[in-house]
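What follows is a single structure, written as structure tokens, with notes after it.
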Amino acid sequence: MLDLADIELLFARHGSAQYSGEPVTQLEHALQTAHLAEQSAADDALVTACLLHDLGHLLNEQGDTPTLRGIDDTHQYFALPFLRGLLPDAVLMPIKLHVDAKRYLCATNARYYARLSEDSKRSLALQGGPLEAEQAAGFLEQPGARDAVLLRQWDDLAKQPHFSTPPLAHFLQRASRCLLTNAATA
Ligand SMILES: [Fe+2]
Ligand SMILES: [Fe+2]
């Protein structure tokens, strides 16, 4: 299991890697997603999910733009064992479901697909394509699915060069407010 200091170190070591096929680094993408959530008055858990939603890319490095080589790094699942025990399901479930949220949005909103970046369109095919109508109909019933859809929409906007955000320390502070250890000692 990671702790917040480990997460800070991961961003320090690997956060300067380019976000596959996008004009931002991994750290910039994480900060922009969390910042957009914060600007929409999301709570600590959802802001933290936004910050950490792509942590799996940092933990499971596949080199430059793996989608071009037909690789899906399953990053939405990869980070979960490292975060379980540290953060509650309110953080973990939107991370787990953020790729399926894209598949849901593609199934239910034709304009959403049209606006996706090229890399997101390429990874969609590797991730199973849009959800089938029956899967889409039940998607929002799952715990965390509505937050995953919100996360996903900020995620898609968080690929902007020269977009200023608060620093990582600010969002780690918000993450510290939803640690499971707080609940245990409360
Ligand atoms: Fe992602
Ligand atoms: Fe992302």
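Taking the Cβ of Ala136 as the center, what net charge do the other residues with Cβ under 13 Å away carry, scoring Lys and Arg +1 and Asp and Glu -1?
Counting the neighbours of Ala136, the net charge comes to -2.
Per the Debye formula with a single identical scatterer at each Cα and no solvent contribution, what log10 I(q)/I(0) holds for region 1-103 at q = 0.10, 0.24 Å⁻¹?
-0.25, -1.54
Determine ³J(HN,Hα), in whole Hz, for all residues of region 67-79 in sequence, where each value follows from phi through the Karplus function 6.51 cos²θ - 1.76 cosθ + 1.60 and θ = phi - 60°; x replaces Gly and Pro.
Per-residue couplings from phi come out as 4, 5, 9, x, 9, 9, 7, 6, 5, 5, 9, 4, 7 Hz.
Where only protein heavy atoms count, and the probe is 1.4 Å, what is the accessible area per residue for region 1-151 in Å²?
45
Assuming a ≥ b ≥ c are the square roots of the Cα gyration tensor eigenvalues, decide whether region 66-157 counts as rounded (a/c under 1.5), prolate (otherwise, with a/b larger than b/c) or oblate.
Oblate, because a/c is 1.5 or more while a/b does not exceed b/c.
How big is the convex hull of the Cα atoms of the chain, per residue, in Å³?
112
Please name whichever of Leu51, Ser40, Ala17 sits farthest to the positive end of the charge dipole of region 1-57, dipole taken about the Cα centre and charges placed at Cβ: Lys and Arg +1, Asp and Glu -1.
It is Ala17.
If you place +1 on the Cβ of every Lys and Arg and -1 on the Cβ of every Asp and Glu, how big does the dipole about the Cα centre of the chain come out, in debye to the nearest 20?
Value, rounded to 20: 240 debye.
Could you point to the residue in Leu150, Ala175, Gly138 farthest towards the positive end of region 135-186's charge dipole, with +1 and -1 charges on the Cβ of Lys/Arg and Asp/Glu respectively?
The residue sitting most towards the positive pole is Ala175.
Please give the calculated 222 nm ellipticity per residue for the chain, where each DSSP H segment of at least 4 residues contributes -39500 (n - 2.57) and the sum is spread over every residue; nearest 500 deg cm²/dmol?
So the calculated ellipticity at 222 nm is -18000 deg cm²/dmol.
Please sort through the DSSP H helices of the chain and keep those with an alpha-carbon extent of at least 18 Å along the long axis and a Kyte-Doolittle average not below -1.0.
Helix filter hits for the chain: 26-39, 89-108, 145-157.
Name the aspartates and glutamates eligible as straight-distance cross-link partners of Lys159: C-alpha to C-alpha under 17 Å, and not fewer than 8 places from it in the same chain.
Glu22, Glu28, Glu38, Asp54, Asp64, Glu118, Asp119
The values are calculated or read from the model by the stated rules, or taken from the named source; none is laboratory data. None of the values given here were measured: they were computed from a predicted structure. Neighbour counts run over all protein chains shown; Cβ positions are idealised from the backbone, glycine included. Please note that ligands, DNA and RNA were not included when accessible areas were found on the heavy atoms of the full protein model with its side chains. Shrake-Rupley method; radii C 1.70, N 1.55, O 1.52, S 1.80 Å.
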